[in-house]
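All remarks here apply to the structure that follows.
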Amino acid sequence: MASFSGTKFLKQLIQSFKTGETILEEVPVPLVRKGHILVRTTRSLVSIGTERMLVEFGKSNLLSKARQQPEKVKMVLDKIKSDGLMPTLEAVFNKLEQPIPLGYCQVGQVIEVGEGVTEFSIGDRVATNGSHAEYVCVPINLAALVPDNVSDEEASFTVIASIGLQGIRLLQPAFGETIVVMGLGLIGLLTAEMLVASGCKVIGFDFDASKIDIAVAKGVDAVNLSTVSDPVKYVETVTNGVGADGVIITASTKDSTLVSQSARMSRKRGRIVLVGVTGLELNRAEFYEKELSFQVSCSYGPGRYDENYEQRGQDYPLAFVRWTEKRNFQAVLQAISSGKLQVKPLISEVVPLADFESIYGQIGQKKTIASILAYPENGSALSRLVSVSGVKPLMQTGTLGIIGAGNYTKATMLPALHKAKAVISHVASHAGVSGTFLAKKYGIPQTTTDYREILKSEQVSWVAITTRHNQHAAMTIESLELGKHVFVEKPLAIHFEELNQVMEAREKSGKMVMVGYNRRFSPYALKMKQLLSSGEPMNMVAVMNAGHIPADNWLHNMEVGGGRIIGEACHFMDLMIFLSGSLVESVHMTALGANPSSNTDNATLVLKFANGSLGTIHYFSNGHKAYSKERVEVYQSGKTLIMDNFRKMEGFGFKSFNSMSSKLDKGHQNMFASLSAYAKGEIEATDNFGEIANSTASALLAVESLKAGHPMLLSSAFVI
């Protein structure tokens, strides 16, 4: 268990994706963020169906996991072809190790409000989609005020009932219609009751007699499938041969039988909505002959998985999107308050958080409808810095502190630093779970949700920043101002103003700034540098088969990720600066399409260097995943080097070099070994900030040149 100065910290339920084990972990309390509220939990509801699937998936072996996710298997096979077997296996096992926070039906009291929050105040009771944790930080569009006459236990049904409500809204039932609910688990029972309240005749099917009894008590024509062999015939009989106006499937099954039955029991032009999980092998004839509509419902309603809505608080106009997920939360709470939705009969047990094993140890085995976790009345003491048990505190100075515990830190940085025997004193993560996991795995003494704890530490000499790109410049400046050397994952900045501010802060502080341009540390880049003639002009061509990422990925957001050219293509600008030994003087970018966006990820960049060298970077996202991700060609004085994906290289025209090959090596290990040595004072840090600033400015100016439609000189926009 974690402890610090005798204080207890936030307890949170997490599950190992690798083993399926459920753990009550102690992690630092999350830091309230802009547009968010910090809530002390009083109750949370266990979604038996969803959480049972997670636990069972975690407990299954690797082969079973692969069978359940065939689309992921294809991704793995493509990665093996491009990157090799061992790097792919390392990536897979790193992914499996990451713990998953459990739960999404939480109720509690607001104890802190973030910047810009006006609709919530300290002391308010709210229902949210927060996890099973003593404290949760949630955005305002995923929280709703709880009416005074609704208890915490009742309010804990808000989010899961909204899943059923969204299915109803998609079905659009009319008063007097016959609607079938397939599966009377928790969501099914809630859905059926809300349909009854809407004036529908509701037929429900399930195998569990206890659920049938509850449904009957709520006015549902509930049928036990253990006694009725043909649900289709039953619906036809009770509707006088007309069939159901609509069907909502809330059950979970791997085959497609329920979909077929739903189609056959529907009337002509009936509607079917899938809320649960089923196989989707549809029989065209069953749908064609009746002109049936079929729709899959997405969680709690419009806004789900939309980062602008959920994380940035940008609401949809009510006149155009009447029922968002937040407004669905409010509608459910109003229904409970008015007595139209009775959830108390669904509560099977209320269990103290400390006794969570009584639920999860038998999950899916006990005949329960809704299990609720009760939290200590006052919660654990608020602390955002945790000392990890079993790890001795570091007393020496000259250590590293890491801000950010995402995939790059987990899969790339920490394994390399660990191998280099780096001394790391802190790791910070915004929610606490990932940072605590990494601290325990790598023996890091302290984990925190407040990165300023790292900046205040006298032990820390180097700060490593691996957050989202829009935070890089500000955190770098803050670190420099507090006397820390900085390693920051690329890009250094996503705006010129930020870059100028970083340069000024570095000049004033006298501290080092290192950017994660790992390619220049690769044995292949080092060998190329050795073979090429210093100062002599060269032609360089780099192809980045970057692969497609969805349009809503944060990297595409110009204010968060900066776009993929600024965020990723900068790697090869730096590599070309390194190989040529010269700075970029001008840059020109063109992009795919008649009217390309400045946020392109299919572009060609032409760089002209001060020593006359030329560089061409093809950054493409429309290639095949199995093809090599990166390829570099260099032509100089009748000689040629061809490097393929940092796995092999051929030389032409060199007397003492023909080829080299190895496992994938993009230079991460060498780079982080250097960072470790810098922090420990074993070697003096190399100051190449002029090159860092030049490559950053080149990436920023490339986007501007695309907007302008012509090449641009760095001297016209930026002074190195």
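The values are calculated or read from the model by the stated rules, or taken from the named source; none is laboratory data. Source: prediction; values computed, not measured. Virtual Cβ from ideal backbone geometry, glycine too; neighbours counted across all protein chains shown.
Things to note:
- Meets criteria (closer than 26 Å to Ile100 by Cβ, modelled with pLDDT under 95 and in a loop (DSSP other than H, G, I, E, B)) for Ser434: no
- Listed here are the helices (runs of 4 or more DSSP H) enclosed by region 610-720 that have at least 1 residues being within 26 Å of Thr600 (Cα to Cα): 689-708, 714-717.
- Ala673 vs. criteria under 30 Å from Ser461 (Cα atoms) and either out of contact with any Gly (no Cβ under 6 Å at 6 or more places or on another chain) or not assigned by TED's automatic domain parsing to the domain that holds Ala464 (or both): yes
- Put simply, of Ala551, Ala525 the only residue that is of a type in the set (A, V, I, L, M) and modelled with pLDDT of 95 or more is Ala525.
- For the residues Phe320, Phe329, the requirement of being out of contact with any Ser or Thr (no Cβ under 8 Å at 6 or more places or on another chain), aromatic (Phe, Trp, Tyr) and either without any contact (Cβ under 8 Å) to a residue 12 or more places away in the chain or not in a loop (DSSP other than H, G, I, E, B) (or both) singles out Phe320.
- The condition of being free of Cβ contacts under 8 Å to residues at least 40 places away in the same chain and in the same structural domain as Gly709 (by TED's automatic domain parsing) holds for only one of Ser580, Ser597, Ser628, Ser586, that being Ser597.
- Filter result for Gly176 (more than 20 Å from Val343 (Cα to Cα) and of a type outside the set (A, V, I, L, M, F, W, C)): yes
- Those helices (runs of 4 or more DSSP H) lying entirely in region 159-254 with at least 3 residues within 30 Å of Gly303 (Cβ to Cβ): 186-197
- Of all residues in region 423-433, those that are under 24 Å from the mean Cα position of the chain (by Cα) and crowded, with 24+ Cβ neighbours inside 10 Å total 6.
- Residues in region 385-406 that are under 22 Å from the mean Cα position of the chain (by Cα), outside any strand (DSSP E or B) and buried (at least 20 other Cβ atoms within 10 Å of the Cβ): Gly404, Ala405.
- Failed item, numbered, when Gly339 is tested on (1) touching a residue at least 60 places away in the same chain (Cβ under 8 Å); (2) surrounded by fewer than 13 Cβ atoms within 10 Å (Cβ to Cβ); (3) within 21 Å of Val159 (Cβ to Cβ): (1)
- Any hit, region 541-559, residues being in contact (Cβ under 8 Å) with a residue 40 or more places away in the chain, farther than 24 Å from Glu489 by Cβ and assigned by TED's automatic domain parsing to the domain that holds Ile617: yes
- Test: residue in region 240-253 that is among the charged types (D, E, K, R) and surrounded by 21 or more Cβ atoms within 10 Å (Cβ to Cβ): yes
- Check on Tyr316, within 28 Å of Gly114 (Cβ to Cβ), surrounded by 13 or more Cβ atoms within 10 Å (Cβ to Cβ), of a type in the set (Ser, Thr, Tyr) and out of contact with any Gly (no Cβ under 7 Å at 6 or more places or on another chain): no
- Looking at Thr449, Thr368, Thr409, just one residue is closer than 30 Å to Ala155 by Cα, buried (at least 21 other Cβ atoms within 10 Å of the Cβ) and not hydrophobic (A, V, I, L, M, F, W, C), and that residue is Thr449.
- So Leu499, is it in contact with a Ser or Thr (Cβ under 9 Å, 6 or more places away or on another chain) and outside any helix (DSSP H, G or I): no
- Given (1) outside any strand (DSSP E or B); (2) surrounded by fewer than 19 Cβ atoms within 10 Å (Cβ to Cβ); (3) not polar (S, T, N, Q), index of the condition Ile111 fails: (1)
- Counting the residues of region 190-205 that are farther than 20 Å from Ile336 by Cα and either free of Cβ contacts under 8 Å to residues at least 12 places away in the same chain or surrounded by 24 or more Cβ atoms within 10 Å (Cβ to Cβ) (or both) gives 3.
- Applying the set (1) surrounded by fewer than 20 Cβ atoms within 10 Å (Cβ to Cβ); (2) closer than 29 Å to Gln365 by Cβ; (3) free of Cβ contacts under 8 Å to residues at least 24 places away in the same chain; (4) not basic (Lys, Arg) to Val223 leaves exactly one unmet item: (1).
- Every test in (1) closer than 15 Å to Ser44 by Cα; (2) in contact with a Pro (Cβ under 6 Å, 6 or more places away or on another chain) is passed by Val351 save one, and that test is (2).
- In region 255-276, the residues that are in contact (Cβ under 8 Å) with a residue 60 or more places away in the chain and either assigned to a loop (DSSP other than H, G, I, E, B) or surrounded by fewer than 19 Cβ atoms within 10 Å (Cβ to Cβ) (or both): Val275, Gly276
- The criterion of being crowded, with 19+ Cβ neighbours inside 10 Å, of a type outside the set (Ser, Thr, Tyr) and on the phi > 0 side of the Ramachandran plot holds for Gly303.
- On the stretch given as region 601-647, residues that are at pLDDT below 95 and of a type in the set (Val, Ile, Thr) total 0.
- Looking only at region 461-485, and only at residues there that are β-branched (Val, Ile, Thr) and farther than 16 Å from Thr696 by Cα, the one that is nearest to the chain's Cα centre (by Cα): Thr467
- Subset tally (residues that are farther than 19 Å from His556 by Cβ and surrounded by fewer than 21 Cβ atoms within 10 Å (Cβ to Cβ)) for region 456-474: 4
- Conditions (1) surrounded by 19 or more Cβ atoms within 10 Å (Cβ to Cβ); (2) more than 29 Å from the chain's Cα centre (by Cα); number of the one not met by Lys666: (2)
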